[in-house]
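The values are calculated or read from the model by the stated rules, or taken from the named source; none is laboratory data. Predicted model only: the values in this text are computed from it and were never measured. A quick note on method: Cβ atoms are made from the backbone with ideal geometry, for glycine too, and the neighbour counts reach across all protein chains shown. Areas reflect the complete protein model, heavy atoms only, side chains present, ligands, DNA and RNA absent. Shrake-Rupley method; radii C 1.70, N 1.55, O 1.52, S 1.80 Å.
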Amino acid sequence: MILAMRKLLAMIRFSHTVFALPFALLSAVLAWQKPGSFRWLDLLGILLCMVFARSTAMAFNRLADRRYDALNPRTASRHLPTGQLTSPIVWIFTLVCAAGFVLSTLLFLPSGNAWPFYLSVPVLLFICGYSFAKRFTYLCHVWLGAALLLAPLAAWIAIRGLEDLATPFVLGLAVLFWVTGFDILYACQDLEFDRRAKLSSVPAKFGVLASLRVALFCHVLMLGCLATLYWFAWPVLKAIYLTGVLAVAILIAYEHWLVRPDDLSRVNEAFFKVNGVISVWLLVVVLLQVVLRF
């Protein structure tokens, strides 16, 4: 049982929850700046919802893509293609996580907020729907970005309902452009396979060089959204936050320096290491800003 759970967590790359969770918590920190809005039960609910939602989406993605994964040399060693896990076991895990997500939204009911529960099933359908996007649109990367956009938006709604959604939406747009950009970079590795398998992606349609430019443009838009967030969240966000955004810009530049049209060998370093640092760094910066207040 323990071995199977380890394999399931490895399959969904549980450690990569670090990409979306910090943005949900960042949004929550901003939402809690309204006096009297902080509740420990809400924090627990956000953590559980994030873990269950991502686990559901990742497990479903592995099920939806298992035949393509078996044919792609880069992904042929994954758990389902190699038989380390069976489809029934992954289906059970997926459904349990989905149920866990819906049940976790009930933690917000004591504060009188039923919106997380009402939106739980539509959210699950949307984030799982990404798994089929490559079958019909090269904008699949944007769909993934929109799925992660929901993290800061949902965290805010869980705390303050539908009040003042502009702030989490601007943060969500930053996440959307950030994820879209780095997913395009990551997809460059599968350009040839996607074309052979008739799957849609920006690299498969436009080639590597154009894709790197599109990814860079997306990341410039991300930085623009982070700068805009300063105006929406002022006076909570001040000099410390702006300094943090400048550091993110340097990390983005480093990420694009790592990935070149004639050398994709460092895509994983750019994807996993740099982006993990960016999300955690922004959360730390906002926490410092809230604590130090200058």
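Considering only C-alpha atoms, what is the centroid distance from the range 233-294 to the range 47-97, in Å?
Each part's Cα centre sits 29 Å from the other's.
Provide the per-residue ³J(HN,Hα) series for the range 194-200, in order, calculated from phi with Karplus coefficients 6.51, -1.76, 1.60 and θ = phi - 60°, each as a whole number of Hz, with x at glycine and proline positions.
4, 5, 5, 8, 6, 9, 9
Using Cα positions and a limit of under 19 Å, work out the aspartates and glutamates in reach of residue 134, with same-chain residues fewer than 8 apart set aside.
Filter leaves 65, 69, 183, 190, 192, 194.
Express the carbon and sulfur contribution to the solvent-accessible surface of the chain as a percent, rounded to the nearest whole number, probe 1.4 angstrom.
Working: 9860 of 13610 Å².
Looking at the chain in its full context, I get 72 percent from C and S.
Using packing as a proxy for protection, rank 136-147, 196-207 so that the peptide with the highest average count of other Cβ atoms within 10 Å comes first.
Listed from highest to lowest mean packing, they are 136-147, 196-207.
What lysines does residue 34 reach when the alpha-carbon gap must be under 30 Å and sequence neighbours fewer than 8 apart in one chain are set aside?
Reachable lysines: 238.
Once you list every other residue whose beta carbon is under 13 Å from the beta carbon of residue 197, what net charge do they have if Lys and Arg are +1 and Asp and Glu are -1?
Values: positive: 67, 74, 134, 135, 195, 196, 198; negative: 65, 69, 190, 192, 194.
Value of the local net charge: +2.
Over the alpha-carbon set of the chain, work out the extent along each principal axis and list the three values in angstrom, largest first.
Largest to smallest, the principal-axis extents are 55, 42, 32 Å.
Build a GNM of the chain with springs between Cα atoms under 10 Å: which of 279, 55, 111 gets the top mean-square fluctuation?
Among 279, 55, 111, the largest GNM mean-square fluctuation belongs to 111.
Pick from 169, 217, 60: which is most flexible by mean-square fluctuation in a GNM of the chain where alpha carbon atoms under 10 Å apart are linked?
Maximum fluctuation in the GNM of the chain, among the listed residues, is at 217.
Per residue, how many Å² of accessible area does the range 223-294 show with a 1.4 Å probe? Working shown, then result.
Values: 3680 Å² over 72 residues.
Heavy-atom SASA per residue in the range 223-294 reads 51 Å².
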